[in-house]
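Working notes for the structure below.
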């Protein structure tokens, strides 16, 4: 279900996350987001709500990529490839996905 269907597509995360938790309380669901920083910025809120989150890692053009790397296609490939895994994530878990792998989410190394 898209946020636009719930009329929440313009909400900021501190409002959005509790609203989703309330609206979808009776269902099993996973928040799939391209905002890979969300767990770092809103970790306490995500944990307090017991949310299950799948982030798509932010990726610069891979080495050797042609000029005009298509990040949107990269994100879509990631979600398409791992949707079945995202759907069965442990409740309350946060994982980061790329087209080639998925791991427990951790803040990016600097």
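The values are calculated or read from the model by the stated rules, or taken from the named source; none is laboratory data. Just so it is clear, the model here is predicted, and its values are computed rather than measured. Every residue, glycine among them, receives a Cβ derived from its backbone with ideal geometry; neighbour counts consider all protein chains shown.
Observations
- Within region 30-55, restricting attention to residues that are in a loop (DSSP other than H, G, I, E, B) and at pLDDT 95 or above, the residue that is surrounded by the fewest Cβ atoms within 10 Å (Cβ to Cβ) is 50.
- Residue check, residue 6 modelled with pLDDT under 95, touching a helix residue (DSSP H, G or I) at 6+ places or on another chain (Cβ under 7 Å) and surrounded by 12 or more Cβ atoms within 10 Å (Cβ to Cβ): yes
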